[in-house]
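Colleague: This is the structure, below, for whatever I ask next.
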Amino acid sequence: MSYTPRERVLAAMNLQKPDRVPLMCQFSIGSMMQQLKPSPAEFWYDGDVFASGLVELCKRFKFDGILVSLHGHSPDWRNNIVSFNKLEEGKQEIVFADRSEFHSWTDLPMVKYFNKPVHKGIDDIDIENDVPGVIDYIPVSQDLYFKIDKDHPFDIFLKLKEMVGSEYSIHGEITSPFDYLLDLLGYEQALISLILNPEKCKEILQKFTNGITVLAKEMCKYPIDAVKISSPFAGMGFISPEHYSEFVLPYESQFIKEIRNCGKHVYIHTCGHIDDRLELMQQSGASGLECLDPEPVGNVDLEDAFKRIGSKMFIKGNIDSINSLLYADDAKAEDDILKIIETGKRGGGFILSTACSIAPMVSSERLDMLPELIKKAGRY
């Protein structure tokens, strides 16, 4: 039986085996910039440009699905610009009233605020006024935010539907309440506050959770098959399993349940070392897990992960983007990927992907290798 790309991904997320292993990597902004060489500021802010880039890359590298990492693009984004300065090729500076942004083909935008607000301490946070009830921004990285336009929060999914119909599996993305807490307090102060003022942290987490739940349920009304939860700071390098159970699991579980009730799949993206919490993550009710970084970036053995959680969750991963795709020679890269394909085929639902995002400088030749190796070894 021949599957469409979307049917292939859906089968894997339903813990079934389609005609072959599905392929769906997550592009970092830097990797998309390197492959497309667009106007970097327009790629970041313009929903039409961003959607077109996602489709072009999906088709170019024969992926079976598209992950939308940014949503809520404003059609009026140029209106607030004070100045737009084109520098050397692939580099631009945009100046707004409160900040300047340096956009390039290298990676995420770099932001400099003219009057950067100081993080409040946990004791000074007024939950009613300092914690937003409506989630209208994405905390992409430290000091880097993507504003969600309240009138156009999910336009990009309609654009993609117009462009590809039902051929590819479209996935949305939301961010964990734990990330919003870290952003609100600052990473160091937030982690300290988990110990010194855990109850107030939980109040903050719950308010963020309420807002994220509303956002997720609205997203599910659009033509998507799954929602990815970006939860990169929930691994062993940041918090213990006990703190994961106390400050991450109860809150992510709330909107995971709502997403599943909407008939959509949902999967958790956590980077790095997570071997000690695979079963805890499975308790969230999520359909699947993404990353499962192998050594040395993480500590997950793919075969062991399938034994432990593979009967209940699909697994999306786990190619090391740095040591297998970027730095390895062709022989090692091919060997690493083939071993992952063979292991994945023996498990349940499996989607071949880089463990985390595709590193910015990974070559197109290396990405071309992925569908070729699936063609060679990925048939069920």
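The values are calculated or read from the model by the stated rules, or taken from the named source; none is laboratory data. Computed from a prediction, not measured in an experiment: that's the story for all the values here. Every residue, glycine among them, receives a Cβ derived from its backbone with ideal geometry; neighbour counts consider all protein chains shown.
Colleague: Give the residues of the stretch 3-20 that are assigned to a helix (DSSP H, G or I) and hydrophobic (A, V, I, L, M, F, W, C), sorted by residue number.
Modeller: Val9, Leu10, Ala11, Ala12, Met13
Colleague: Could you list all residues from the stretch 312-349 that are small (Gly, Ala, Ser), more than 18 Å from His269 (Cβ to Cβ) and modelled with pLDDT under 95?
Modeller: Selection gives Gly347, Gly348.
Colleague: Still on this structure, I have one more. Would you check if there is a residue in the stretch 61-69 being touching a residue at least 12 places away in the same chain (Cβ under 8 Å), touching a Phe, Trp or Tyr at 6+ places or on another chain (Cβ under 6 Å), under 26 Å from Leu338 (Cα atoms) and not in a loop (DSSP other than H, G, I, E, B)?
Modeller: Yes, the conditions are met somewhere in the stretch 61-69.
Colleague: Another one. If the requirement is being modelled with pLDDT of 95 or more and touching a helix residue (DSSP H, G or I) at 6+ places or on another chain (Cβ under 8 Å), which of these qualifies: Glu167, Glu199?
Modeller: Values: Glu199 fails: touching a helix residue (DSSP H, G or I) at 6+ places or on another chain (Cβ under 8 Å).
Selected residue: Glu167, the only one of Glu167, Glu199 that is modelled with pLDDT of 95 or more and touching a helix residue (DSSP H, G or I) at 6+ places or on another chain (Cβ under 8 Å).
Colleague: List every residue pair whose Cβ atoms lie under 8 Å apart, where the two residues are 6 or more positions apart in sequence or sit on different chains, the first residue falls within the stretch 129-156 and is over 11 Å from Leu215 (Cα atoms) and of a type in the set (Lys, Arg), and the second residue, located anywhere, is modelled with pLDDT of 95 or more and buried (at least 17 other Cβ atoms within 10 Å of the Cβ).
Modeller: Partner pairs satisfying both residue conditions: Lys147/Gly72; Lys147/Ser74.
Colleague: Here's something else I'd like to know. Given the criteria in a loop (DSSP other than H, G, I, E, B), under 25 Å from Glu203 (Cβ atoms) and not hydroxyl-bearing (Ser, Thr, Tyr), does Pro117 qualify?
Modeller: Yes; evaluated as a whole, the condition is true for this residue.
Colleague: Please find, among Val68, Val82, the residue that is within 30 Å of Ile135 (Cβ to Cβ) and under 20 Å from the mean Cα position of the chain (by Cα).
Modeller: Val68
Colleague: Okay, next question. Tell me, which residue of the stretch 48-57 that is in contact (Cβ under 8 Å) with a residue 60 or more places away in the chain and surrounded by fewer than 20 Cβ atoms within 10 Å (Cβ to Cβ) is nearest to the chain's Cα centre (by Cα)?
Modeller: For the stretch 48-57, the residue satisfying everything is Val55.
Colleague: Show the residue pairs meeting these rules: Cβ distance below 6 Å; 6+ apart or different chains; first residue within the stretch 158-175 and part of a helix (DSSP H, G or I); second residue at pLDDT 95 or above and crowded, with 22+ Cβ neighbours inside 10 Å.
Modeller: Lys159/Ala51; Leu160/Ala51; Leu160/Ile170
Colleague: Mind telling me which of the residues Lys120, Lys161 ends up being basic (Lys, Arg) and either within 14 Å of Gly47 (Cβ to Cβ) or touching a Lys or Arg at 6+ places or on another chain (Cβ under 9 Å) (or both)?
Modeller: Numbers: Lys120 fails: either within 14 Å of Gly47 (Cβ to Cβ) or touching a Lys or Arg at 6+ places or on another chain (Cβ under 9 Å) (or both).
Sole residue among the options that is basic (Lys, Arg) and either within 14 Å of Gly47 (Cβ to Cβ) or touching a Lys or Arg at 6+ places or on another chain (Cβ under 9 Å) (or both): Lys161.
Colleague: Here's a follow-up. Checking the conditions here, which among Arg60, Arg8, Arg20 is closer than 21 Å to Ser166 by Cβ, touching a Leu at 6+ places or on another chain (Cβ under 9 Å) and crowded, with 19+ Cβ neighbours inside 10 Å?
Modeller: Going through Arg60, Arg8, Arg20 in turn, the sole match is Arg8.
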